[in-house]
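What follows is a set of notes on a single structure, which appears directly below.
The values are calculated or read from the model by the stated rules, or taken from the named source; none is laboratory data. These numbers come from a predicted model, not from an experiment. Here the Cβ positions follow ideal geometry from the backbone for every residue, glycine too, while neighbour counts run over all protein chains shown. Accessible surface is based on the protein model in full, side chains and every heavy atom, while ligands, DNA and RNA are left aside. Shrake-Rupley method; radii C 1.70, N 1.55, O 1.52, S 1.80 Å.
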Amino acid sequence: MSAAAAASRFERELRRLGSHVRTPVYREGYALVLSAGLAAALGFVYWIIAAHAYAPDVVGLNSAAISTMMLVSGVAQLNLIGGLLRFVPGAGPSTWRLVGWSYAISVVVAAVASFVFFVVARAWAPSLEFLSSDDGFAFWFIVATMVWCIFNLQDAVLTGLRRAVWVPVDNVLFAVVKIVLLVIFAATLPRFGIFASWTFAVVLSVIAINALLVLRLIPEHVRAPIKSPEVANARLISRFVAADYVGGLTWIVAITLIPIVITEQLGAAQNAYYSLAWVMTTPLYLVSANTGSSLMVAVVNEQARLREYTHRVFVQTAGLVVPAALVLTIAAPYFLELLGSAYADRGTTPLRLMALSSIPAMVTALYTSVWRAEKRLSLLVWVRSVLNTALVLLSLALLHPYGIRGAAFAWLAVQTVGAVVLLVAWPRVLFEDGSRPPRRLHGIRRARNAATATGLLPLLQGIKRRPLLDRRLARAEVAVPMILADLPENGSSPSAWTVRGLSASVTDKIVVLVGPPGAPPCAAVKLADSASAARGLVRETEVLRRLSGDRRLREWRALLPKVLAEGELDGEPFRVERVPPGVEASRLLTDGTASGVRLGRLASAISSLHSLTGSEVDVDSALITAWVDEPLVVLESHLRRKGRLERWEHVALQRVRLELHEALLGRRLTAAWTHGDYAPENVFVDSATGTVNGIVDWELATTPSLPALDFVQLVLSTRAVRRRREYGEIVVDALARDWTGEELAVLEQRGDRTEELPTSALVLLAWLKQTGSLLTKADGYADNWLWQRLNVEAPLAALA
């Protein structure tokens, strides 16, 4: 390789590295990892000095005091660290109030918790009685606990402000001052010099960093534009914090209670050996926690990239944690020898076990970060609580037979089992970057179609819908006679009509067929079974009123339902309309030559409405909003109900938006009244001749709209009936230009100046209207996972 080529390659790699580091999720993560690394290195120096300057029992006693301070502080922080990480990025002007209240609440609770601790400590931890034996030391402990709360919260504030580059500065300042004070106090405070150096250094760090926050970083954040649509109010923050507090508290108990118990049961010296092994392992745990924190902060404003960022952060974290854990495991005795031979003899095995535990713990840390970002709080609480409780219980169980080695083994065992369970139960969290649709969609589609072919799915659906149908029928038997009693006679006696059954309906409307005893049903009573159905029924009544009064439609109006009565019953709207003669076209659309003729006649029937009401329009932003953007908002809102928007879903939605905007905006097209749901089940035909006798269900009729959409909807819904497939599956096939001759013949009838539009654009418009309308007019669809997979996710997957 020539020198010029080598230089060019080096320059490319340098640019790639620079781009990688400039990406916020990586930059913040590396800053936090650097902070943990520097703190670990300086902390190791600190403990080397402490181990040589103080006897093991003094080191253990001070370590227990520090653990106690962390325990009480952890309780007092109320999981506000997680709340600051989650809500500071989008807080805007509320940042001052959010940070100030977090500090104040934590400090007050810390003072109260310290007093409570002093009261109960004598009963369960006599070895810690020295903390309250002197009034001056007790006051010192309380103040240190309060300041330690702010010290922990300020790092969360820096990370939430996306200024994690200051966290290493904070930790280096704390570590350096702590070392200097340790050297000074070794001669002047032979018993509590370690605790003193630790707490005095914290005070200096808190003063310096909060001066930076107040004078510079928070004002800059407040002035920056807010990208997050989520408003951080007290109710939202308290709900988030409270839900995760239990899990966070169990973690604090796990890392602080075990050293206290070791001190109480095995002595201060044994705690020194255990605690210093844990101190050397802590940076590995902090790497996972810090990269997880950067992930959570990054996706506050980029929810669509959660899976992508999670996958990349997992690779990034593994590349840092795994090699470091293996090195620490191999070199454990050599590192501990720097502290003294006693530490090497008694701490090597615990250090190796805890170092190895950081590898599976990396998995747990990233899962919890993802669930915080997704606000899957119940799952987060359960997983953290179970793991940490199991860790404490197993550590205590193994402490007596195996000493500190048993407690260290508990870390490895619990973290390993927890990681395996998480990976088996939710593998996609870490192993998929969200850029590809899940492969399960193909399996779901095949399973659904097989169940349909065997009759199993219709049977199960019938069983599931039976209670709903029984409830609707019971309501109809009460309401319908009251409605029929007020109908005019008109040559018949509606009051003598009886309920003949319910018509199949995919919406929340109750359609009750009624008629004279012994004769076919002649009318349909429509009632609303939900608020959305009530709105739809009112709108359909208005549409029928407008179309019936439109003189341009002349004889064609005979195809509209004849309204016999309309009004309200117990505050709910109802309508009674004549049932058109004949049968639903869906019953006659079977494979064969005749079916093509009937499909063409259906298209001709609706084309008259288009030609009589059509006019040319220029497609502007208002029409694009109505035709494209508003249905997309409905779909996106529905997808976000599960707590996240996968990257592939975001890509697919953007592709739909872009394709339809490019295809429609600025064109001059014919627009007219359209049915909106022109499917064979909404058309009544003569069973012998195929002549169209009536068209029903006008709830989705709109103007101005593209007439071509009625033809596309007719073709797609007809194919769904014939093939017994979900509508979304048919859309996927249509996007692949899988058309038959008779279908093409129907599509060519459109005559609305859309010949130049891609057929795929019309299919997407029809799918958007159909899917969006079902999500808004029928509550059951939003909660039906099978319908969602095949009618929402499958078409999006074909576009991703």
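Some observations on this one:
- Computed [θ] at 222 nm, deg cm²/dmol, the chain (DSSP H ≥ 4; -39,500 (n - 2.57); rounded to nearest 500): -23000 deg cm²/dmol
- Accessible surface of PHE174, taken over heavy atoms with a 1.4 Å probe and every protein chain present, rounds to 20 Å².
- Of LYS375/LYS526; LYS464/LYS562; LYS464/LYS769; LYS375/LYS509; LYS464/LYS777, pairs whose Cα-Cα distance is over 29 Å: LYS375/LYS526; LYS464/LYS562; LYS375/LYS509
- Taking the empirical scaling 2.2 N^0.38 Å for compact globular proteins as reference, region 652-693 has a Cα radius of gyration ratio of 1.90.
- Per-residue SASA remark: LYS509, around 10 Å² accessible (1.4 Å probe; ligands, DNA and RNA not included).
- Between ALA479, GLY403, VAL202, the Cα set farthest toward the positive side of the dipole of the chain (charges on each charged residue's Cβ, about the Cα centre) is that of GLY403.
- Net charge dipole, region 503-545: roughly 100 debye, given to the nearest 20, about the Cα centre with Cβ charges of +1 for Lys and Arg and -1 for Asp and Glu.
- Whole-percent carbon and sulfur share, accessible surface of the chain, 1.4 Å: 62
- Label separation (SER385 vs ALA531): 3.2 nm, computed from points 7 Å beyond Cα along the C-beta direction.
- Principal-axis tilt of helix 135-160 within the chain, Cα atoms, nearest 10 degrees: 40
- Per residue, the chain exposes 42 Å² of solvent-accessible protein surface, assessed with a 1.4 angstrom probe and all protein chains in place.
- Relative contact order, whole percent, for the chain stands at 11, derived from Cα pairs under 8 Å and 6 or more residues apart.
- Angle between the chain longest axis and helix 268-298 axis [Cα atoms, degrees, rounded to 10]: 30
- Comparing VAL634, LEU459, GLY37 along the charge dipole axis of the chain, the residue lying farthest to the positive side is GLY37, per the Cβ-charge model.
- The residue among ALA342, THR771, HIS675 whose Cα reaches farthest toward the positive pole of the charge dipole of the chain, with charges on the beta-carbon of Lys, Arg, Asp and Glu, is ALA342.
- Distance in nm between pseudo-label sites at ALA565 and VAL222 (7 Å out along the Cβ direction from Cα): 6.5
- A straight chain from LEU338 to ALA242 at 0.36 nm per residue would run longer than the Cα-Cα distance by 30.3 nm.
- Helix 630-639 vs. the chain, principal-axis angle (Cα, 0 to 90°, nearest 10): 50
- Between TRP785 and ARG723, the simple spin-label model (points 7 angstrom out along Cα→Cβ) gives 2.6 nm.
- When the surface is traced with a 1.4 Å probe over the full set of protein chains, GLU264 keeps roughly 70 Å² accessible.
- Translational diffusion coefficient (Stokes-Einstein; Kirkwood radius from C-alpha pairs) of the chain at 37 °C, 0.692 mPa s, in µm²/s: 105
- Set of region 65-92 residues, backbone N closer than 13 Å to the point 7 Å along the Cα-Cβ line of VAL112: 76-78
- Three-way shape call for region 663-794 based on the alpha-carbon gyration tensor, with the a/c threshold at 1.5: rounded
- Put a plus charge on the Cβ of each Lys and Arg, a minus charge on the Cβ of each Asp and Glu, and nothing anywhere else: the dipole of region 685-737 about its Cα centre is then about 320 debye.
- Over region 351-462, the reciprocal of the mean inverse Cα-Cα separation, the Kirkwood hydrodynamic radius, stands at 16.9 Å.
- Note on region 441-480: semi-axes of the ellipsoid equivalent to its C-alpha gyration tensor, largest first and rounded to whole Å, are 32, 9, 6.
- FRET efficiency estimate (nearest 0.05) - Cβ-Cβ, ARG440 to ASP345, R0 41 angstrom: 0.15
- Charge dipole magnitude, Cβ of K and R +1, D and E -1 - the chain, Cα centre, debye nearest 20: 780
- Per-pair calculated FRET efficiency, R0 = 41 Å: LEU502 and THR625 via Cβ, rounded to 0.05: 0.65
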